[in-house]
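Just so you know, all these numbers are worked out from the coordinates, no wet-lab data involved. From a predicted model like this one, the values you see are computed outputs, not experimental measurements. When we count neighbours, we look across all protein chains shown, and the Cβ atoms used for this are built from the backbone with ideal geometry, even at glycine.
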Amino acid sequence: MGVSVAVCERMVRRLPGVEERDAGSWVSYKVGGKGFGFLWERTGTIGLKATHSEQAALVAERPDVFEVQFTTESFGWVVVYLDGIDADELAELIFEAWRLTAPEQLAEKIAGPAELCG
């Protein structure tokens, strides 16, 4: 189990319309000008946008893999430790973070998270 930073990056880059910005110690990911993820290579973690209920469920279920990053009025963000997750589950979380953010016309261009694992 576990996903490398390189595999995680490839998954994100397979999504339509992703804007990537290297900020030095992390990489931010946006779609339609809005953020949906932050990758920290040094710590082997990615922060992803989620619904409040998904954030709470993930952290409660596996606190060794997920932690609360922060919460906004609309969304909960969750930190994912890449060494504790398999590729299929990570693809699902990345896809959902992107889907929560992507403009509708982009969201229709990809069938689902399975397309990220190729």
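Only helices enter the 222 nm calculation for the chain: every DSSP H run of n ≥ 4 contributes -39,500 (n - 2.57), and dividing by all residues gives -9500 deg cm²/dmol, rounded to 500. Pairs of alpha carbons in the chain separated by more than 18 Å make up 46% of all such pairs. Using the Cβ of Gly47 as centre and a radius below 15 Å, the other residues enclosed give a net charge of -1, where K and R count +1 and D and E count -1.
Label-to-label distance, Asp64 versus Ala23, with points set 7 angstrom from Cα along the beta-carbon direction: 3.0 nm.
Basic side chains Lys and Arg get +1 at the Cβ, acidic Asp and Glu get -1 at the Cβ, and with that the dipole of the chain about its Cα centre reaches some 380 debye. Listed by chain and number, the aspartates and glutamates placed with their C-alpha closer than 16 angstrom to that of Lys30 are Glu9, Glu19, Glu20, Asp22, Glu96, Glu104; residues fewer than eight positions away on the same chain are left out. Equivalent-ellipsoid semi-axes for region 31-96 (Cα gyration tensor, √(5λ), whole Å, largest first): 17, 15, 11.
What the Cβ-Cβ distance of Arg10 and Glu108 gives, at R0 = 25 Å and to the nearest 0.05, is a FRET efficiency of 0.65.
Here the Karplus relation 6.51 cos²θ - 1.76 cosθ + 1.60, evaluated at θ = phi - 60°, turns the backbone of region 76-82 into coupling constants of x, 9, 10, 8, 10, 7, 4 Hz, with x for every Gly and Pro. Comparing Ala57, Ala87, Ala23 in a Gaussian network model of the chain (Cα springs below 10 Å), the most mobile by mean-square fluctuation is Ala23. Using the Cβ-Cβ distance between Ser74 and Cys117 with R0 set to 25 Å, the FRET efficiency from 1/(1 + (r/R0)^6) comes to roughly 0.35.
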